[in-house]
1. Any idea how far apart residue B:265 and residue A:82 come out in nm if each label point goes 7 Å out from Cα toward Cβ?
2. Could you tell me the extents of the protein assembly as shown's C-alpha atoms along the three principal axes, largest first, rounded to whole Å?
3. Report ³J(HN,Hα) in whole Hz for each residue of region A:19-27, in order, from the Karplus equation J = 6.51 cos²θ - 1.76 cosθ + 1.60 where θ = phi - 60°; Gly and Pro get x.
4. What figure in square angstrom, to the nearest 10, would you give for the accessible area of residue B:70 with a 1.4 Å probe?
5. Accessible area lost on pairing A with B, both sides, 1.4 Å probe, Å² to nearest 100?
6. In what sequence, highest mean first, do B:208-216, A:9-17 appear when ranked by Cβ atoms within 10 angstrom?
7. Quick one: pull the percent of accessible area on the protein assembly as shown belonging to carbon and sulfur, 1.4 Å probe, ligands and nucleic acids left out.
8. Go through region A:11-17 residue by residue and turn each phi into a ³J(HN,Hα) via Karplus (6.51, -1.76, 1.60, θ = phi - 60°); whole Hz please, and just put x for glycine and proline.
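The values are calculated or read from the model by the stated rules, or taken from the named source; none is laboratory data. Treat the numbers as computed from the prediction; the structure is a model and nothing was measured. Here the Cβ positions follow ideal geometry from the backbone for every residue, glycine too, while neighbour counts run over all protein chains shown. Ligands, DNA and RNA are excluded from the accessible area calculation, which covers all protein heavy atoms including side chains. Shrake-Rupley method; radii C 1.70, N 1.55, O 1.52, S 1.80 Å.
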Amino acid sequence: MQVEMTVNGQSMSADVEPRTLLVHYIRDDLGLTGTNVGCDTSSCGACTIHINGESAKSCTMLAAQARGTDVTTIEGMADNGTLHPMQQAFMECHGLQCGYCTPGMVMAATSLLKENPNPTEAEVREGLEGNLCRCTGYHNIVKSVLSAAGNSTNGGSQ
Amino acid sequence: MIPAPVDYVEAESADAAIAALTQHGDEAKLLAGGHSLIPLMKFRLATPTVLVDIGRLGDLSYINDGGDHIAIGALTTHRALETSALLQADAPIMAHVASQVGDPSVRHRGTLGGSLAHGDPASDLPAALLASGGSVVAKGPNGERVIPASELFTGFLETALAADELMTEVRIPKATGAGWSYQKFNRRAQDWAIVGAAAVASGNGDGTRVALVNMGPTPMLSSAVGSALSGGASAADAAALAAEGTSPPEDLNGDAEYRSHLARVLVKRALDEAGS
């Protein structure tokens, strides 16, 4: 079947099997391998992307379900080589170690700040409950998100 | 994990979805958010031959004041339930329980109708529907019918919905100002409830309804607790009956005896919080 959607601002069209998962379409058909597959059971969040600006787990969606939507992956976050403020905050606060969960963390965190621009530390931890990191113990990830919130609102706590 | 090969039909309307279901029989499955169905398909526990995608039927996503009840379109996402001022005021347990489902990314995609039609005994929203005394509207080739929550869940992952019926609306009686509670016991964030208890103290003299999560093959009302409360029992005495009439599952999280204990403890907490 033919599926059209916008990915990182570009119109894309591909002939896929109906059973194709969105994450496989993104990685294998579009070659955008920044979106990772972790648990493959919608628990870990490594595959988190945005559908129309809201975070979603692309391992638990069919490509067909995204037809006509506006999809953003981690590759679409930087603007002409300038990191997105959330990416910059992860870099400055050392919010990653092995980096496997990082694309999903960045996508979930930006979606969180869109809904709650000035979250408390507890709200950040709750908001990222669907994204697992096996390296950092979350401390620096939470710090990164709070830092990004501070940068964008001038009111976030560090 | 990759689902088995399947055909895909996108329904342009509720009637088109029903026509597709009628044509394909029980080999077809409705696809809404997909957050219950796609995992089953990836594990090959479900192998429908046709998916009827209703996910883009925007006219089935709404939260409206229906007078004595709140009318919720079946395709309303958990996120929309969680943030609805109308629900927070008039059926607060629905907004709260929606916020306890999965995680934010799951709640952006998962739908109320999908969760209820899946009928998982371990999921949260069926208990909220039962405790609220709600109902669902099912539309089929011969028109609409209303199914009370108490008659919706018929077996493990089975509901009273016929193979050619589509759930279109969920109705929650208003419980403005009434006491309520949802006690979800799990060990990690975003896990399913090991056991859960929902209680809503009805404002109209119907007494308090208590529903249990993961205490049998279906989401269930606790009739033993309800009867005891109607008969004037204290919260403590009623909660002591919480495991009566249940058949709790056994798994790595706990055996039947442990779950029975949890049910009694959680129902007591729920009744206390709901002010029953």
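1. For residue B:265 paired with residue A:82, the spin-label model returns 5.4 nm.
2. 70, 55, 43
3. Residue by residue, region A:19-27 yields 7, 5, 6, 4, 5, 6, 4, 5, 7 Hz.
4. Its accessible surface works out to 0 Å², give or take rounding.
5. Details: alone 7960 and 12340 Å², together 17820 Å².
Result for this pair: about 2500 Å² buried.
6. B:208-216, A:9-17
7. Carbon with sulfur: 48 percent of the solvent-accessible area.
8. Using θ = phi - 60°, the values come out as 6, 10, 9, 8, 9, 10, 5 Hz.
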